[in-house]
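Before any comments, here is the structure.
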Amino acid sequence: MSHSSDTRREIPPGILLIRSIRGKDWSLSTYRYVILLVTFIAYACYHASRKPSSIVKSVLYPDPNKGTGLGLDPLFGRVFVKEEFGGNGNYRLKEKGWAPFNGTDGTSKLGEIDVAFLACYSLGMYAAGHLGDTLDLRLFLTAGMIGSGIFVALFGMGYFWNVHVFGFYLGMQMVAGLFQATGWPSVVAVIGNWFGKGKRGLIMGIWNAHTSIGNISGSLLAASVLDYGWGWCFIVPGAFIAVGGVMVFFFLAPYPEDIGFSFPQGSPSDLEANPKDEEANVRKETTEEDETQTINRAGSVSRTSVGLLEACLIPGVIPFALCLFFSKLVAYTFLYWLPFYLSQTEIGGEYVSVKSAGNLSTLFDVGGIVGGILAGYISDKLNARATTAASFMCAAIPAMLLYRRYGSISHNINIVLMMVAGLFINGPYALITTAVSADLGTHSSLRGDSRALATVTAIIDGTGSVGAAFGPLLTGFLSTKGWDAVFVMLMICALIAALLLSRLVMAEIAEKTCKQVPVSGGRQSFGAPASQPLLSDRR
(Lines give C-alpha, C1' and ligand atoms only; values in the text may rest on other atoms or scores of the structure.)
Protein backbone atom coordinates (compact mmCIF):
# COMPACT_ATOMS: atom_id res chain seq x y z
CA MET A 1 0.00 0.00 0.00
CA SER A 2 1.38 3.38 -0.93
CA HIS A 3 0.75 6.59 0.90
CA SER A 4 1.80 10.18 0.41
CA SER A 5 3.33 12.85 2.53
CA ASP A 6 1.22 16.02 2.77
CA THR A 7 3.51 18.03 4.98
CA ARG A 8 5.25 21.03 3.44
CA ARG A 9 8.93 21.09 4.29
CA GLU A 10 10.72 24.16 5.52
CA ILE A 11 13.90 25.41 3.89
CA PRO A 12 16.85 24.44 6.15
CA PRO A 13 17.74 27.37 8.42
CA GLY A 14 21.41 27.32 7.44
CA ILE A 15 20.51 27.78 3.77
CA LEU A 16 18.15 30.65 4.65
CA LEU A 17 20.98 32.31 6.58
CA ILE A 18 23.41 31.95 3.68
CA ARG A 19 20.82 33.37 1.29
CA SER A 20 20.31 36.41 3.50
CA ILE A 21 24.06 36.99 3.86
CA ARG A 22 24.86 36.59 0.15
CA GLY A 23 21.77 38.41 -1.08
CA LYS A 24 21.25 35.79 -3.75
CA ASP A 25 20.88 32.06 -4.10
CA TRP A 26 23.34 29.38 -5.19
CA SER A 27 23.10 27.62 -8.55
CA LEU A 28 21.91 24.05 -8.85
CA SER A 29 25.49 22.83 -9.33
CA THR A 30 26.62 24.53 -6.12
CA TYR A 31 23.74 22.99 -4.19
CA ARG A 32 24.74 19.58 -5.48
CA TYR A 33 28.26 20.04 -4.16
CA VAL A 34 26.82 21.11 -0.81
CA ILE A 35 24.56 18.04 -0.69
CA LEU A 36 27.51 15.78 -1.50
CA LEU A 37 29.58 17.38 1.26
CA VAL A 38 26.85 17.32 3.92
CA THR A 39 25.85 13.70 3.29
CA PHE A 40 29.53 12.70 3.05
CA ILE A 41 30.28 14.18 6.48
CA ALA A 42 27.06 12.77 7.92
CA TYR A 43 27.76 9.18 7.02
CA ALA A 44 31.43 9.48 7.86
CA CYS A 45 30.21 10.37 11.36
CA TYR A 46 28.07 7.22 11.44
CA HIS A 47 31.01 4.99 10.59
CA ALA A 48 33.36 6.83 12.94
CA SER A 49 30.99 6.05 15.81
CA ARG A 50 31.09 2.31 14.97
CA LYS A 51 34.86 1.91 15.20
CA PRO A 52 35.53 2.26 18.97
CA SER A 53 34.39 -1.27 19.80
CA SER A 54 37.02 -2.72 17.47
CA ILE A 55 39.73 -0.52 18.99
CA VAL A 56 39.03 -1.46 22.62
CA LYS A 57 38.60 -5.22 22.11
CA SER A 58 42.21 -5.90 23.10
CA VAL A 59 41.80 -3.70 26.18
CA LEU A 60 38.60 -5.37 27.36
CA TYR A 61 40.01 -8.83 26.64
CA PRO A 62 43.84 -8.70 26.76
CA ASP A 63 46.05 -11.64 25.91
CA PRO A 64 48.45 -12.15 28.86
CA ASN A 65 50.76 -14.25 26.67
CA LYS A 66 51.29 -11.46 24.17
CA GLY A 67 54.62 -9.73 23.93
CA THR A 68 55.28 -6.02 24.09
CA GLY A 69 54.33 -3.49 21.47
CA LEU A 70 56.55 -2.81 18.53
CA GLY A 71 58.66 0.27 18.09
CA LEU A 72 58.73 2.81 15.27
CA ASP A 73 57.65 1.58 11.88
CA PRO A 74 60.25 2.27 9.16
CA LEU A 75 57.62 3.42 6.68
CA PHE A 76 55.11 5.32 8.83
CA GLY A 77 57.29 6.61 11.66
CA ARG A 78 55.44 7.65 14.81
CA VAL A 79 51.99 6.73 13.52
CA PHE A 80 52.60 3.33 15.12
CA VAL A 81 53.69 4.00 18.66
CA LYS A 82 55.34 1.72 21.14
CA GLU A 83 53.67 3.01 24.27
CA GLU A 84 50.47 1.15 24.89
CA PHE A 85 49.13 2.88 28.00
CA GLY A 86 49.85 6.01 29.97
CA GLY A 87 50.82 6.40 33.56
CA ASN A 88 47.35 6.86 35.02
CA GLY A 89 46.67 3.30 36.12
CA ASN A 90 45.72 1.89 32.74
CA TYR A 91 48.62 -0.58 32.75
CA ARG A 92 46.77 -2.59 35.36
CA LEU A 93 43.74 -2.56 33.08
CA LYS A 94 45.90 -3.97 30.28
CA GLU A 95 46.82 -6.93 32.44
CA LYS A 96 43.38 -7.69 33.83
CA GLY A 97 41.02 -6.46 31.13
CA TRP A 98 37.50 -5.34 31.95
CA ALA A 99 34.80 -7.58 33.38
CA PRO A 100 32.63 -9.12 32.03
CA PHE A 101 34.79 -9.38 28.90
CA ASN A 102 38.02 -10.62 30.48
CA GLY A 103 36.97 -14.23 31.14
CA THR A 104 37.63 -17.30 29.07
CA ASP A 105 34.54 -16.49 26.99
CA GLY A 106 35.71 -12.93 26.39
CA THR A 107 35.90 -13.13 22.61
CA SER A 108 32.46 -14.71 22.47
CA LYS A 109 30.98 -11.90 24.55
CA LEU A 110 32.66 -9.33 22.32
CA GLY A 111 31.17 -11.09 19.31
CA GLU A 112 27.74 -11.02 20.95
CA ILE A 113 28.07 -7.27 21.50
CA ASP A 114 28.80 -6.80 17.81
CA VAL A 115 25.97 -9.02 16.66
CA ALA A 116 23.51 -7.27 19.01
CA PHE A 117 24.38 -3.94 17.42
CA LEU A 118 24.23 -5.25 13.87
CA ALA A 119 21.06 -7.28 14.38
CA CYS A 120 19.18 -4.22 15.61
CA TYR A 121 20.81 -2.18 12.87
CA SER A 122 19.69 -4.58 10.13
CA LEU A 123 16.15 -5.00 11.48
CA GLY A 124 15.79 -1.29 12.06
CA MET A 125 16.95 -0.65 8.49
CA TYR A 126 13.74 -2.03 6.97
CA ALA A 127 11.58 0.25 9.09
CA ALA A 128 13.94 3.20 8.67
CA GLY A 129 13.89 2.94 4.89
CA HIS A 130 10.09 3.06 4.75
CA LEU A 131 9.98 5.91 7.26
CA GLY A 132 12.60 7.79 5.26
CA ASP A 133 10.29 7.72 2.25
CA THR A 134 7.38 9.13 4.24
CA LEU A 135 8.98 11.54 6.72
CA ASP A 136 11.17 14.61 6.39
CA LEU A 137 14.60 13.11 5.66
CA ARG A 138 16.39 16.10 7.21
CA LEU A 139 14.67 15.76 10.58
CA PHE A 140 14.76 11.96 10.42
CA LEU A 141 18.51 11.94 9.81
CA THR A 142 19.13 14.58 12.48
CA ALA A 143 17.25 12.57 15.11
CA GLY A 144 19.10 9.39 14.14
CA MET A 145 22.54 11.00 14.41
CA ILE A 146 21.94 12.69 17.76
CA GLY A 147 20.34 9.53 19.17
CA SER A 148 23.30 7.47 17.97
CA GLY A 149 25.72 9.87 19.61
CA ILE A 150 23.93 9.65 22.95
CA PHE A 151 23.94 5.85 23.16
CA VAL A 152 27.46 5.42 21.82
CA ALA A 153 28.63 7.80 24.54
CA LEU A 154 26.57 5.95 27.17
CA PHE A 155 28.42 2.74 26.32
CA GLY A 156 31.67 4.54 27.11
CA MET A 157 30.23 5.91 30.35
CA GLY A 158 30.26 2.33 31.64
CA TYR A 159 33.99 2.83 32.17
CA PHE A 160 33.52 5.90 34.37
CA TRP A 161 30.51 4.44 36.19
CA ASN A 162 32.50 1.23 36.77
CA VAL A 163 29.76 -0.91 35.22
CA HIS A 164 30.56 -4.61 34.86
CA VAL A 165 27.12 -5.87 33.88
CA PHE A 166 27.04 -7.45 30.41
CA GLY A 167 23.39 -6.50 29.93
CA PHE A 168 24.23 -2.78 30.18
CA TYR A 169 26.68 -2.89 27.27
CA LEU A 170 24.40 -5.17 25.28
CA GLY A 171 21.46 -2.80 25.72
CA MET A 172 23.44 0.30 24.77
CA GLN A 173 24.66 -1.36 21.59
CA MET A 174 21.17 -2.54 20.64
CA VAL A 175 19.59 0.91 20.98
CA ALA A 176 22.55 2.50 19.20
CA GLY A 177 22.02 0.03 16.34
CA LEU A 178 18.41 1.12 15.94
CA PHE A 179 19.41 4.77 15.70
CA GLN A 180 22.26 3.96 13.31
CA ALA A 181 19.75 2.35 10.93
CA THR A 182 18.44 5.80 10.02
CA GLY A 183 21.64 6.78 8.24
CA TRP A 184 22.23 4.81 5.09
CA PRO A 185 18.71 4.77 3.52
CA SER A 186 18.45 8.50 4.15
CA VAL A 187 21.75 9.63 2.64
CA VAL A 188 21.42 7.38 -0.44
CA ALA A 189 17.88 8.65 -0.99
CA VAL A 190 19.06 12.25 -0.82
CA ILE A 191 21.87 11.64 -3.31
CA GLY A 192 19.48 9.80 -5.63
CA ASN A 193 17.08 12.75 -5.48
CA TRP A 194 19.78 15.22 -6.51
CA PHE A 195 21.72 13.20 -9.10
CA GLY A 196 20.58 11.33 -12.20
CA LYS A 197 22.02 8.12 -13.60
CA GLY A 198 24.60 9.60 -16.00
CA LYS A 199 27.80 8.92 -14.03
CA ARG A 200 26.24 7.61 -10.87
CA GLY A 201 28.76 4.80 -10.41
CA LEU A 202 31.77 7.11 -10.42
CA ILE A 203 30.10 9.90 -8.43
CA MET A 204 28.85 7.51 -5.77
CA GLY A 205 32.12 5.60 -5.78
CA ILE A 206 33.95 8.79 -4.86
CA TRP A 207 31.20 9.85 -2.45
CA ASN A 208 31.22 6.43 -0.79
CA ALA A 209 34.73 7.14 0.45
CA HIS A 210 32.89 8.50 3.50
CA THR A 211 32.67 4.90 4.74
CA SER A 212 36.43 4.48 4.81
CA ILE A 213 37.08 8.07 5.90
CA GLY A 214 34.67 7.50 8.78
CA ASN A 215 36.40 4.24 9.74
CA ILE A 216 39.79 5.92 9.62
CA SER A 217 38.59 8.94 11.60
CA GLY A 218 36.90 6.73 14.19
CA SER A 219 40.00 4.59 14.58
CA LEU A 220 42.31 7.57 14.98
CA LEU A 221 39.93 9.36 17.36
CA ALA A 222 39.50 6.28 19.54
CA ALA A 223 43.20 5.44 19.54
CA SER A 224 44.17 9.03 20.36
CA VAL A 225 42.22 9.05 23.64
CA LEU A 226 42.81 5.43 24.64
CA ASP A 227 45.53 6.43 27.11
CA TYR A 228 42.94 8.33 29.17
CA GLY A 229 40.63 5.32 29.58
CA TRP A 230 38.71 3.22 27.06
CA GLY A 231 35.48 5.06 27.86
CA TRP A 232 36.73 8.13 25.99
CA CYS A 233 37.01 6.00 22.86
CA PHE A 234 33.20 6.00 22.75
CA ILE A 235 32.43 9.45 24.16
CA VAL A 236 34.50 11.38 21.61
CA PRO A 237 33.03 9.68 18.49
CA GLY A 238 29.58 9.95 20.10
CA ALA A 239 30.00 13.71 20.38
CA PHE A 240 31.35 13.74 16.82
CA ILE A 241 28.19 12.22 15.32
CA ALA A 242 25.89 14.40 17.45
CA VAL A 243 27.59 17.53 16.10
CA GLY A 244 27.17 16.08 12.61
CA GLY A 245 23.45 15.78 13.29
CA VAL A 246 23.26 19.49 14.07
CA MET A 247 25.01 20.22 10.76
CA VAL A 248 22.44 18.10 8.90
CA PHE A 249 19.57 20.00 10.55
CA PHE A 250 20.93 23.34 9.35
CA PHE A 251 22.13 22.51 5.84
CA LEU A 252 20.54 19.37 4.35
CA ALA A 253 17.84 19.80 1.70
CA PRO A 254 16.52 16.29 0.86
CA TYR A 255 14.88 17.33 -2.41
CA PRO A 256 15.76 20.04 -4.96
CA GLU A 257 12.12 21.10 -4.78
CA ASP A 258 12.49 21.84 -1.08
CA ILE A 259 14.64 24.88 -1.80
CA GLY A 260 12.80 26.14 -4.84
CA PHE A 261 14.08 24.14 -7.80
CA SER A 262 11.42 22.63 -10.00
CA PHE A 263 12.07 19.73 -12.37
CA PRO A 264 9.47 20.00 -15.13
CA GLN A 265 10.03 16.41 -16.22
CA GLY A 266 9.49 15.15 -12.71
CA SER A 267 12.86 13.61 -12.02
CA PRO A 268 16.46 14.62 -11.52
CA SER A 269 17.43 11.94 -14.00
CA ASP A 270 15.75 13.90 -16.77
CA LEU A 271 18.00 16.84 -16.02
CA GLU A 272 21.02 14.56 -16.09
CA ALA A 273 20.14 13.41 -19.58
CA ASN A 274 21.12 16.82 -20.94
CA PRO A 275 23.43 18.49 -18.43
CA LYS A 276 24.43 21.26 -20.84
CA ASP A 277 20.83 22.48 -20.96
CA GLU A 278 20.66 22.93 -17.21
CA GLU A 279 19.10 26.38 -17.29
CA ALA A 280 16.40 25.24 -19.68
CA ASN A 281 15.59 22.20 -17.59
CA VAL A 282 15.57 23.92 -14.22
CA ARG A 283 13.33 26.87 -13.44
CA LYS A 284 14.53 28.90 -10.47
CA GLU A 285 12.55 31.80 -9.05
CA THR A 286 14.84 34.17 -7.18
CA THR A 287 13.50 37.63 -7.93
CA GLU A 288 11.45 38.07 -4.76
CA GLU A 289 11.67 36.32 -1.42
CA ASP A 290 7.90 35.89 -1.09
CA GLU A 291 7.80 34.15 -4.45
CA THR A 292 10.45 31.75 -3.25
CA GLN A 293 8.25 30.74 -0.35
CA THR A 294 5.37 29.78 -2.68
CA ILE A 295 7.33 27.55 -5.07
CA ASN A 296 5.70 24.17 -5.52
CA ARG A 297 7.89 21.59 -3.80
CA ALA A 298 6.47 18.55 -5.49
CA GLY A 299 9.11 16.25 -4.10
CA SER A 300 8.23 16.99 -0.50
CA VAL A 301 4.49 17.31 -0.77
CA SER A 302 3.08 14.90 -3.28
CA ARG A 303 5.47 12.01 -3.74
CA THR A 304 4.25 8.59 -2.65
CA SER A 305 6.16 5.73 -1.08
CA VAL A 306 5.99 2.04 -1.94
CA GLY A 307 5.69 -0.95 0.37
CA LEU A 308 8.48 -3.39 1.14
CA LEU A 309 6.91 -6.19 -0.94
CA GLU A 310 6.46 -3.96 -3.98
CA ALA A 311 10.07 -2.80 -3.70
CA CYS A 312 11.29 -6.42 -3.41
CA LEU A 313 9.60 -7.22 -6.74
CA ILE A 314 11.76 -4.71 -8.61
CA PRO A 315 14.04 -6.79 -10.89
CA GLY A 316 17.53 -7.11 -9.40
CA VAL A 317 16.70 -6.15 -5.81
CA ILE A 318 16.72 -9.69 -4.35
CA PRO A 319 19.94 -10.94 -6.08
CA PHE A 320 21.91 -7.86 -5.08
CA ALA A 321 20.49 -7.96 -1.55
CA LEU A 322 21.58 -11.58 -1.11
CA CYS A 323 24.99 -10.81 -2.61
CA LEU A 324 25.41 -7.97 -0.16
CA PHE A 325 24.54 -10.33 2.70
CA PHE A 326 27.82 -12.18 2.13
CA SER A 327 29.82 -9.21 0.85
CA LYS A 328 29.02 -7.12 3.91
CA LEU A 329 29.67 -10.11 6.18
CA VAL A 330 33.26 -10.09 4.93
CA ALA A 331 33.64 -6.30 5.07
CA TYR A 332 32.24 -5.93 8.58
CA THR A 333 34.31 -8.79 9.93
CA PHE A 334 37.37 -6.77 8.98
CA LEU A 335 35.74 -3.60 10.33
CA TYR A 336 35.15 -5.08 13.80
CA TRP A 337 37.97 -7.58 14.16
CA LEU A 338 40.97 -6.38 12.16
CA PRO A 339 42.50 -4.28 15.00
CA PHE A 340 42.08 -7.23 17.36
CA TYR A 341 43.62 -9.61 14.80
CA LEU A 342 46.60 -7.30 14.34
CA SER A 343 47.19 -7.04 18.08
CA GLN A 344 47.04 -10.82 18.52
CA THR A 345 49.21 -11.79 15.54
CA GLU A 346 52.98 -11.58 15.22
CA ILE A 347 54.14 -9.26 12.44
CA GLY A 348 57.81 -9.45 11.65
CA GLY A 349 58.38 -11.42 14.85
CA GLU A 350 56.75 -8.76 17.07
CA TYR A 351 53.30 -7.95 18.36
CA VAL A 352 51.51 -4.71 17.54
CA SER A 353 50.25 -2.67 20.49
CA VAL A 354 46.56 -1.86 20.83
CA LYS A 355 47.02 1.73 19.71
CA SER A 356 49.30 0.67 16.87
CA ALA A 357 46.79 -1.93 15.72
CA GLY A 358 44.06 0.70 15.59
CA ASN A 359 46.24 3.01 13.51
CA LEU A 360 47.46 0.23 11.24
CA SER A 361 43.93 -1.04 10.53
CA THR A 362 43.04 2.29 8.91
CA LEU A 363 45.11 1.29 5.88
CA PHE A 364 42.53 -1.39 5.07
CA ASP A 365 40.07 1.46 4.58
CA VAL A 366 42.54 3.41 2.47
CA GLY A 367 42.47 0.48 0.07
CA GLY A 368 38.68 0.50 0.39
CA ILE A 369 38.50 4.11 -0.82
CA VAL A 370 40.40 3.17 -3.98
CA GLY A 371 38.25 0.07 -4.41
CA GLY A 372 34.96 1.97 -4.19
CA ILE A 373 36.05 4.57 -6.74
CA LEU A 374 37.53 1.95 -9.07
CA ALA A 375 34.44 -0.27 -8.93
CA GLY A 376 32.16 2.67 -9.67
CA TYR A 377 34.29 3.85 -12.59
CA ILE A 378 34.60 0.38 -14.13
CA SER A 379 30.87 -0.32 -13.77
CA ASP A 380 30.08 2.96 -15.56
CA LYS A 381 32.52 2.24 -18.38
CA LEU A 382 31.41 -1.37 -18.86
CA ASN A 383 27.75 -0.61 -18.19
CA ALA A 384 27.80 -3.75 -16.04
CA ARG A 385 27.23 -3.39 -12.29
CA ALA A 386 26.79 -7.11 -11.59
CA THR A 387 29.87 -8.17 -13.56
CA THR A 388 32.01 -5.59 -11.78
CA ALA A 389 30.79 -6.57 -8.31
CA ALA A 390 31.21 -10.31 -8.97
CA SER A 391 34.72 -9.84 -10.39
CA PHE A 392 35.84 -7.87 -7.34
CA MET A 393 34.46 -10.52 -4.97
CA CYS A 394 36.32 -13.26 -6.84
CA ALA A 395 39.54 -11.23 -6.65
CA ALA A 396 39.00 -10.74 -2.90
CA ILE A 397 39.49 -14.49 -2.31
CA PRO A 398 43.17 -14.71 -3.30
CA ALA A 399 43.73 -11.27 -1.72
CA MET A 400 42.59 -12.57 1.68
CA LEU A 401 44.55 -15.80 1.26
CA LEU A 402 47.74 -13.86 0.53
CA TYR A 403 47.14 -11.53 3.46
CA ARG A 404 46.70 -14.38 5.92
CA ARG A 405 49.65 -16.36 4.56
CA TYR A 406 52.24 -13.64 4.04
CA GLY A 407 51.01 -10.67 6.09
CA SER A 408 53.06 -11.71 9.10
CA ILE A 409 56.41 -11.59 7.30
CA SER A 410 57.01 -7.88 7.80
CA HIS A 411 55.19 -4.63 8.54
CA ASN A 412 55.46 -3.33 4.99
CA ILE A 413 54.22 -6.54 3.37
CA ASN A 414 51.32 -6.56 5.84
CA ILE A 415 50.41 -3.00 4.86
CA VAL A 416 50.49 -3.66 1.10
CA LEU A 417 48.48 -6.88 1.31
CA MET A 418 45.99 -5.28 3.72
CA MET A 419 45.34 -2.42 1.29
CA VAL A 420 44.90 -4.82 -1.63
CA ALA A 421 42.41 -6.86 0.39
CA GLY A 422 40.55 -3.67 1.35
CA LEU A 423 40.36 -2.66 -2.32
CA PHE A 424 38.67 -5.86 -3.48
CA ILE A 425 36.49 -6.36 -0.38
CA ASN A 426 35.10 -2.84 -0.11
CA GLY A 427 34.78 -2.26 -3.87
CA PRO A 428 31.64 -4.37 -4.49
CA TYR A 429 30.24 -3.50 -1.07
CA ALA A 430 30.47 0.19 -1.96
CA LEU A 431 29.07 -0.31 -5.46
CA ILE A 432 26.00 -2.28 -4.37
CA THR A 433 25.09 -0.03 -1.46
CA THR A 434 25.35 3.16 -3.55
CA ALA A 435 24.98 3.14 -7.33
CA VAL A 436 23.10 -0.16 -7.56
CA SER A 437 20.67 0.81 -4.79
CA ALA A 438 20.06 4.23 -6.33
CA ASP A 439 19.54 2.75 -9.81
CA LEU A 440 17.02 0.21 -8.54
CA GLY A 441 15.33 2.79 -6.33
CA THR A 442 14.50 4.86 -9.41
CA HIS A 443 13.44 1.87 -11.50
CA SER A 444 11.04 2.79 -14.29
CA SER A 445 8.34 0.45 -12.96
CA LEU A 446 7.88 3.07 -10.24
CA ARG A 447 6.83 5.56 -12.93
CA GLY A 448 9.51 8.04 -11.97
CA ASP A 449 8.54 8.06 -8.31
CA SER A 450 11.88 8.28 -6.53
CA ARG A 451 10.24 7.84 -3.13
CA ALA A 452 11.28 4.20 -3.37
CA LEU A 453 14.92 5.17 -2.98
CA ALA A 454 15.11 4.84 0.78
CA THR A 455 12.94 1.71 0.79
CA VAL A 456 15.01 -0.13 -1.84
CA THR A 457 18.24 0.99 -0.19
CA ALA A 458 16.94 -0.30 3.15
CA ILE A 459 16.03 -3.70 1.68
CA ILE A 460 19.44 -4.18 0.08
CA ASP A 461 21.55 -2.78 2.88
CA GLY A 462 19.29 -4.22 5.58
CA THR A 463 19.77 -7.70 4.15
CA GLY A 464 23.48 -7.01 3.91
CA SER A 465 23.51 -5.91 7.52
CA VAL A 466 22.07 -9.25 8.61
CA GLY A 467 25.17 -10.81 7.08
CA ALA A 468 27.28 -8.15 8.75
CA ALA A 469 25.83 -9.28 12.08
CA PHE A 470 26.73 -12.93 11.46
CA GLY A 471 30.31 -12.20 10.43
CA PRO A 472 31.60 -10.72 13.71
CA LEU A 473 29.59 -13.26 15.71
CA LEU A 474 31.08 -16.22 13.85
CA THR A 475 34.52 -14.66 14.13
CA GLY A 476 34.15 -14.44 17.90
CA PHE A 477 33.72 -18.21 18.06
CA LEU A 478 36.03 -19.27 15.23
CA SER A 479 38.94 -17.14 16.43
CA THR A 480 39.20 -19.38 19.51
CA LYS A 481 40.01 -22.25 17.12
CA GLY A 482 42.54 -20.25 15.15
CA TRP A 483 42.52 -17.42 12.63
CA ASP A 484 42.88 -19.82 9.70
CA ALA A 485 39.29 -20.93 10.32
CA VAL A 486 38.14 -17.29 10.22
CA PHE A 487 39.81 -16.63 6.88
CA VAL A 488 38.42 -19.83 5.36
CA MET A 489 34.94 -18.68 6.39
CA LEU A 490 35.52 -15.25 4.81
CA MET A 491 36.77 -16.71 1.53
CA ILE A 492 33.78 -19.05 1.27
CA CYS A 493 31.42 -16.11 1.84
CA ALA A 494 33.18 -14.07 -0.87
CA LEU A 495 32.74 -16.96 -3.32
CA ILE A 496 29.04 -17.30 -2.50
CA ALA A 497 28.57 -13.54 -2.98
CA ALA A 498 30.05 -13.77 -6.48
CA LEU A 499 27.99 -16.85 -7.40
CA LEU A 500 24.74 -15.14 -6.38
CA LEU A 501 25.28 -12.63 -9.17
CA SER A 502 26.11 -15.26 -11.80
CA ARG A 503 22.71 -15.08 -13.52
CA LEU A 504 22.89 -11.33 -13.76
CA VAL A 505 26.48 -11.50 -14.99
CA MET A 506 25.53 -13.95 -17.74
CA ALA A 507 22.65 -11.72 -18.77
CA GLU A 508 24.95 -8.69 -18.97
CA ILE A 509 27.49 -10.63 -21.04
CA ALA A 510 24.78 -12.01 -23.33
CA GLU A 511 23.36 -8.54 -23.81
CA LYS A 512 26.72 -7.11 -24.85
CA THR A 513 27.56 -10.11 -27.04
CA CYS A 514 24.26 -10.09 -28.91
CA LYS A 515 24.21 -6.27 -28.98
CA GLN A 516 20.43 -6.30 -29.08
CA VAL A 517 20.33 -3.14 -27.02
CA PRO A 518 22.63 -0.19 -27.78
CA VAL A 519 24.91 0.72 -24.87
CA SER A 520 24.25 4.11 -23.31
CA GLY A 521 26.12 5.67 -20.41
CA GLY A 522 24.48 5.14 -17.06
CA ARG A 523 21.90 2.55 -18.22
CA GLN A 524 21.76 -0.69 -16.34
CA SER A 525 19.91 -3.91 -17.16
CA PHE A 526 20.66 -5.77 -13.90
CA GLY A 527 20.22 -9.06 -15.67
CA ALA A 528 17.02 -8.36 -17.57
CA PRO A 529 16.52 -10.99 -20.30
CA ALA A 530 17.47 -9.88 -23.78
CA SER A 531 13.84 -9.95 -24.86
CA GLN A 532 12.93 -7.40 -22.18
CA PRO A 533 13.76 -3.70 -22.27
CA LEU A 534 16.43 -2.30 -20.01
CA LEU A 535 15.34 -1.02 -16.62
CA SER A 536 16.00 2.57 -17.56
CA ASP A 537 14.35 2.13 -20.99
CA ARG A 538 10.93 1.12 -19.68
CA ARG A 539 9.16 4.47 -19.56
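Please work out whether the stretch 136-258 counts as rounded, prolate or oblate from its C-alpha gyration tensor, where a ≥ b ≥ c are the square roots of the eigenvalues and a/c under 1.5 means rounded, while otherwise a/b larger than b/c means prolate and anything else oblate?
prolate
The residues packed around SER148, meaning those with a beta-carbon under 14 Å from its beta-carbon, carry a net charge of +2 if Lys and Arg are +1 and Asp and Glu are -1. Look at the Cα gyration tensor of the stretch 448-507: its axes a ≥ b ≥ c give a/c of at least 1.5 with a/b at or below b/c, and that counts as oblate. Taking amide H positions as modeled 1.01 Å from N, with prolines and chain starts lacking one, the residues under 5 Å from SER353 and 5 or more places away or on another chain are LEU70. From the Cα gyration tensor of the stretch 111-185, with a ≥ b ≥ c the square roots of its eigenvalues, which class applies: rounded if a/c is under 1.5, or else prolate if a/b is larger than b/c, or else oblate? Oblate, because a/c is 1.5 or more while a/b does not exceed b/c.
Once you list every other residue whose beta carbon is under 12 Å from the beta carbon of PHE240, what net charge do they have if Lys and Arg are +1 and Asp and Glu are -1?
Neighbour charge sum, excluding PHE240 itself: +2.
Phi-derived couplings, Karplus 6.51 cos²θ - 1.76 cosθ + 1.60 at θ = phi - 60°, listed residue by residue for the stretch 349-356: x, 10, 9, 8, 5, 4, 5, 4 Hz, with x used for Gly and Pro.
Remark: the stretch 385-394, residue by residue, has Karplus-estimated 3J(HN,Hα) of 5, 5, 4, 5, 4, 5, 5, 5, 5, 5 Hz, where x stands for each Gly or Pro and the curve is 6.51 cos²θ - 1.76 cosθ + 1.60 at θ = phi - 60°.
Working note: Karplus 6.51/-1.76/1.60 with θ = phi - 60° gives the stretch 404-412 the couplings 5, 7, 10, x, 8, 5, 7, 5, 5 Hz, where Gly and Pro are set to x. For the stretch 143-245, the per residue solvent-accessible surface stands at 30 Å², with DNA, RNA and ligands left out and a 1.4 Å probe.
The values are calculated or read from the model by the stated rules, or taken from the named source; none is laboratory data. All figures in this text were calculated on a predicted structure; none of them were measured in a lab. As a convention, Cβ positions derive from the backbone with ideal geometry for all residues, glycine included, and neighbour counts pool all protein chains shown. The accessibility values were calculated without ligands, DNA or RNA, using every heavy atom of the protein model including side chains. Shrake-Rupley method; radii C 1.70, N 1.55, O 1.52, S 1.80 Å.
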